[in-house]
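Asks: Below are the structure tokens for one structure; questions will follow.
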Amino acid sequence: MIQHVGEAIVLRTWPFHEADLLVSLFTREQGRVKGVARHAMRSRRRFGGALEPMTHVRASYSERPKQELVRMDSFEIVSSPLSRPIDYERTAALELVAEVLEELPEGAVDDAVFRLAVAAMEEMQVGRVWMPVTYFCLWMNRLMGWMPELGHCNVCGLDLRGGTVWYSPTSDGVTCEDDRRGGSVALSAEAVGEAMRMFRGTVKGLAVEEWPRERVAELRRFAVDMLERGLERRLMSARALGRIS
């Protein structure tokens, strides 16, 4: 049996046999793993509130060779979404982070993805939502190799820096207006500029500014569209976040 101790994010839990819970974790060292927390619904001694989705924990779990599920031994809370009053915006944003991480292949390890998720969650947990969730979606596209190059038309090669670009959720790259495909959506020069700032800066550094929902709505739609294209599925949590007026 191999013992693991390290940072993780709780993504989801499901009832599993009598008082057990099946737990999906995104770990810093092993990527996404699933395991069983024995008697977790009956006894709170080993886990307490650490099994709430999107809790950042220090997890102890055991792995047996050739077994798909690990054994969850104990969790220590590093930070919890329950540390502040729950509101719909923050819940939907945290669920979007969880849904994206849940769709990554099991065992796909990327320390940069883990650090990105934790940094975005930290800002969400102090009440900021719109910039951190947009930052997370943009950077996930870049880290996974799904982010199109925004400076030139993918068809004619025209330099698009400083201007509006057009993109389609079903096609590669961006285009100029003349070469736009059917169903293309415009991404304004202002939104492209905000994207470049997010790629150059940190989520904590950008958080000193005011980021109302309207400021990054266009850019967030683009980032979610690219994520859904890369993941090849619709993100239900993004739909919920988009319904907030």
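Asks: Can V36 be described as more than 22 Å from R233 (Cβ to Cβ), surrounded by 15 or more Cβ atoms within 10 Å (Cβ to Cβ) and of a type in the set (A, V, I, L, M, F, W, C)?
Replies: Spelling it out, V36 is indeed more than 22 Å from R233 (Cβ to Cβ), surrounded by 15 or more Cβ atoms within 10 Å (Cβ to Cβ) and of a type in the set (A, V, I, L, M, F, W, C).
Residue-wise test of (1) without any contact (Cβ under 8 Å) to a residue 60 or more places away in the chain; (2) polar (S, T, N, Q); (3) touching a strand residue (DSSP E or B) at 6+ places or on another chain (Cβ under 9 Å); (4) not in a helix (DSSP H, G or I).
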| residue | (1), (2), (3), (4) |
| --- | --- |
| S74 | yes, yes, yes, yes |
| R90 | yes, no, no, no |
| L94 | yes, no, no, no |
| L104 | no, no, yes, yes |
| V109 | no, no, yes, yes |
| V133 | no, no, no, no |
| L143 | yes, no, no, no |
| W166 | yes, no, yes, yes |
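Asks: Residue by residue through the stretch 210-227, note down the ones that are β-branched (V, I, T) and in contact with a Leu (Cβ under 9 Å, 6 or more places away or on another chain).
Replies: If the condition is that a residue be β-branched (V, I, T) and in contact with a Leu (Cβ under 9 Å, 6 or more places away or on another chain), then V224 is the only one that fits.
Listed here are the residues, each with its yes/no results for (1) out of contact with any strand residue (DSSP E or B) (no Cβ under 7 Å at 6 or more places or on another chain); (2) of a type in the set (K, R); (3) in contact (Cβ under 8 Å) with a residue 12 or more places away in the chain.
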| site | (1), (2), (3) |
| --- | --- |
| W139 | yes, no, yes |
| D159 | no, no, no |
| G162 | yes, no, yes |
| P169 | yes, no, yes |
| G193 | yes, no, no |
| L206 | yes, no, yes |
| E214 | yes, no, no |
| R220 | yes, yes, yes |
| E232 | yes, no, no |
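Asks: Also, quick follow-up: In the stretch 70-122, which residue that is farther than 26 Å from L143 by Cβ and loosely packed, with under 15 Cβ neighbours inside 10 Å is modelled with the highest pLDDT?
Replies: E76
Asks: While we're here: Quick one: how many residues across the stretch 22-53 are among the charged types (D, E, K, R), closer than 12 Å to A8 by Cα and in a loop (DSSP other than H, G, I, E, B)?
Replies: Residues in the stretch 22-53 being among the charged types (D, E, K, R), closer than 12 Å to A8 by Cα and in a loop (DSSP other than H, G, I, E, B): 2 in total.
Asks: Taking the stated definitions as given, is V57 assigned by TED's automatic domain parsing to the domain that holds E123, within 26 Å of M144 (Cβ to Cβ), surrounded by 19 or more Cβ atoms within 10 Å (Cβ to Cβ) and out of contact with any Ser or Thr (no Cβ under 8 Å at 6 or more places or on another chain)?
Replies: no
The values are calculated or read from the model by the stated rules, or taken from the named source; none is laboratory data. Predicted, not measured: the structure shown is a model, and the values here were computed from it. Don't worry about glycine lacking a Cβ; one is built from the backbone with ideal geometry, like all the others, and counts go over all protein chains shown.
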